[in-house]
Structures are given as C-alpha cells and as structure tokens.
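Step one of this worksheet: look at the structure below.
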Amino acid sequence: MKKDHSLLKRITVLYVEDDEHIRNELTSLLIKFFKNIHTATDGEDGLNVYNTNKENIDVIISDINMPNLSGIEMVKQIRESNDDIPVIFTTAYSDVDYLSESIKLKIYDYIIKPIDVRALLTYMTELSNILYNKELLDEQTKELEKYKFAVDKYNMVIKTNTAMKISSVNELFTAITDYDKDELIGKDFASLKHKDTNTDIYTTMYADVSTNKTWHGTIKQVKKSGEEYVVDAYMMAVISKEGKGATFIVKLLKVGK
C-alpha cells in the first residue's frame, strides 16, 4: 500500500552529516518531501544552526560520529533546553557503542548507513503523524483553556473533595459572596445553603456525582452577610489523570436574589 507522505510537507528538518557527498545527496532527495531542510557539517555546526532556527525545526536527523562535536554531545546540549524534539540518529555498524548512551537522550529511532531512503521516509511519516496529532491536541488544549477562562469569568466555581469539603473557589465566587478564600477552604459545601433549602438536595447531588452523573438544579444560598441569592448549579466529578481520586466541581450561575 502506498504511503501517504502529505504530512511531511509540514515538517522542517535539521540534517547533520559531516560527509559532504552523503549530506548533499540525501538533502537533494529529501527536500522534495519536507517543508524545509537545514543542513550542518558536524555537531558544532549543527548546534549553531539549531540555536539559530530552533523555533522552526521540528525534527533532527544526525550522524553520531562526527568531528568537533559528536551527534551525542550535540543532542545532549539541545536537550538542556528542549526535551521533546524528536531525533533520528544515522549510524554505522561501528557506532554501536554509542547506542546505549543515546538511549538516555530519548532518541526516536536509528537508521543504519548506508541510509535506505524508503525506510527513513517510513519513520518520518509515522513521526509526522505523531507531531500532527500533538499539534491538534495542543490546539484543543488552548481552546479548553479559553473555555475555562470564560467559565471562570462568568460563573462562580467551587471545587470540593469527595466528602463535599470545599478545596478551592474562583475569584467571582468570593467577589459575589464577600467570603475570603481562606474562610471557605475545608468547609462543607452545604454550609453555604439558605435555611429554606432542604438538606436532602445535597444527598441527591452527592449520589449523582459519585456515579459519574452530572447533577443540575437550583439552589438558594447565602452570602457572608446573610443575604440570600439563587443559583443555577451544575455539579460533576473530575477524575485525576492518574485515575486516583476525584474532584467535584460546582459551577454556579447567579439567577436572582
């Protein structure tokens, strides 16, 4: 089945190789597939080219054994400021002693010389898909951050632990209720209710979110002064990334006095 190389056109490569003939020949072949290729003659030159163009370089392809600065030493210095950029080492069989050291540098893959261009393009196509999906995920994360900002700006937000003890509140909540954050942390969420609000509503709320349902309802609460106000409330459980424990998040939209 024919490989789809279309995503390669999104990638800029830094190619570091001290053999001029190999460098020029491979560059002339790869430039047809990639967005751009920066070349360097050895590790020292590669480090300089990287530092000058690091905002644009997506992937590094580098020989290991080079004069002035080896590929290993070059990547070690790059890793001091960039722990994520993918690196593919091109190696001769005589370079195997370097491989154990390079594992510590989180190398994406290795290509044995003489370089099989088709194999290299296969690796790069797989890598381009990974980078593209990461880019999409980063964009989605930014959109979620914008959404979170909007939610926090126009909604009162309370976080509780699974015992319904308040663990944090946003600034809008303190501004509307006149409570300081320190006065609320550790208090029962139900302690904010108005005397007319039935405590059974909190039992139902807890039962719903404990089974990963979203609870929605209207609650009458009181400010620090005792003044009452009504909120349209949503409560949901958020599981930690590690799958350990949960946080209950309550989003409150003030709808009346």
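The values are calculated or read from the model by the stated rules, or taken from the named source; none is laboratory data. Remember, it's a predicted structure, so these values are computed and weren't measured experimentally. We place every Cβ from the backbone using ideal geometry, glycine too, and count neighbours over all the protein chains shown. Just so you know, the surface numbers come from the protein's heavy atoms only, side chains and all, with ligands and any DNA or RNA stripped out. Shrake-Rupley method; radii C 1.70, N 1.55, O 1.52, S 1.80 Å.
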| note | Checked the chain with the C-alpha gyration tensor, a ≥ b ≥ c its square-rooted eigenvalues, rounded below a/c of 1.5, otherwise prolate if a/b is larger than b/c and oblate if not; verdict prolate
| message | So for each of 58-68, 228-238 I average, over its residues, the number of other beta carbons within 10 Å; can you give me the resulting order with the highest mean first? | response | 58-68, 228-238
| request: Among DSSP beta bridges whose residues both lie in the chain, state the antiparallel percentage, nearest 5. | output: 60 percent
| What is the calculated FRET efficiency for LEU105 to LYS165, with r their C-beta to C-beta distance and R₀ = 51 Å, to the nearest 0.05? | 0.70
| task | Pop out the ³J(HN,Hα) list for segment 188-198 in order, Karplus 6.51 cos²θ - 1.76 cosθ + 1.60 with θ = phi - 60°, rounded to Hz; leave Gly and Pro as x. | result | 5, 4, 5, 5, 8, 6, 6, 4, 7, 7, 6
| note | Diffusion coefficient in µm²/s returned for segment 116-231 by Stokes-Einstein, Kirkwood Rh over C-alpha pairs, 4 °C and 1.567 mPa s, is 74 µm²/s
| field | Top positive-direction residue, dipole computed over the chain with Cβ charges, set GLN140, LEU69, PRO114 | value | GLN140
| message | Using a 1.4 Å probe on the protein heavy atoms only, what accessible surface does SER225 show? Give it in Å² to the nearest 10. | response | 90 Å²
| task | Over 31 Å between C-alpha atoms is what I'm after, so list which of LYS106/LYS165; LYS35/LYS106; LYS32/LYS142 land there. | result | LYS106/LYS165; LYS32/LYS142
| query | Under a point-charge model restricted to the Cβ atoms of Lys and Arg (+1) and Asp and Glu (-1), what is the dipole moment magnitude of the chain relative to its Cα centre, in debye to the nearest 20? | reply | 1600 debye
| request: Could you tell me which of PHE173, HIS216, THR199 has its Cα farthest along the dipole of segment 136-216 towards the positive end, charges placed at Cβ (Lys, Arg +1; Asp, Glu -1), taken about the Cα centre? | output: THR199
| request: List every residue whose amide H lies under 5 Å from the amide H of VAL59, counting only residues 5 or more places away in sequence or on a different chain, with H placed 1.01 Å from N in the peptide plane. | output: THR12, LEU14
| remark: Per the helix-only model, the chain has a calculated mean residue ellipticity at 222 nm (DSSP H runs of ≥4, -39500 (n - 2.57) each, divided over all residues, rounded to the nearest 500) of -12000 deg cm²/dmol
| note | If every Lys and Arg gets +1 and every Asp and Glu gets -1 at its Cβ, then about the Cα centre segment 21-75 yields a dipole, in debye to the nearest 20, of 260 debye
| task | For LYS251, list the aspartates and glutamates whose Cα falls under 17 Å from its own Cα; do not include residues on the same chain fewer than 8 positions away. | result | GLU145, ASP152, GLU171, ASP188, ASP208, ASP232
| note | Among GluC sites (Glu not before Pro) in segment 111-146, those in a DSSP loop whose Cβ has at most 14 other Cβ atoms within 10 Å are none
| query | How long is the gain from ASN82 to ASN53 if the chain were fully straight, where each residue apart is worth 0.36 nm and the alpha carbon distance is subtracted? | reply | 9.1 nm
| note | The farthest towards the positive end of the charge dipole of the chain, of the residues MET235, ALA40, ILE57, given +1 on Cβ of Lys and Arg and -1 on Cβ of Asp and Glu, is MET235
| Which aspartates and glutamates have a Cα lying under 15 Å from the Cα of LYS9, excluding residues fewer than 8 positions away in the same chain? | ASP58, GLU126, GLU135
| request: Starting at the first residue of segment 162-173, write each ³J(HN,Hα) from the Karplus equation 6.51 cos²θ - 1.76 cosθ + 1.60 with θ = phi - 60°, in whole Hz, x for Gly and Pro. | output: 6, 8, 6, 8, 5, 10, 6, 9, 8, 5, 5, 4
| What ³J(HN,Hα) values, in whole Hz, does the Karplus curve 6.51 cos²θ - 1.76 cosθ + 1.60 give for segment 34-44 when θ = phi - 60°, with x put for Gly and Pro? | 9, 5, 7, 10, 9, 10, 8, 8, 6, x, 5
| field | Neighbourhood net charge (10 Å Cβ-Cβ; Lys/Arg +1, Asp/Glu -1) for LEU26 | value | -2
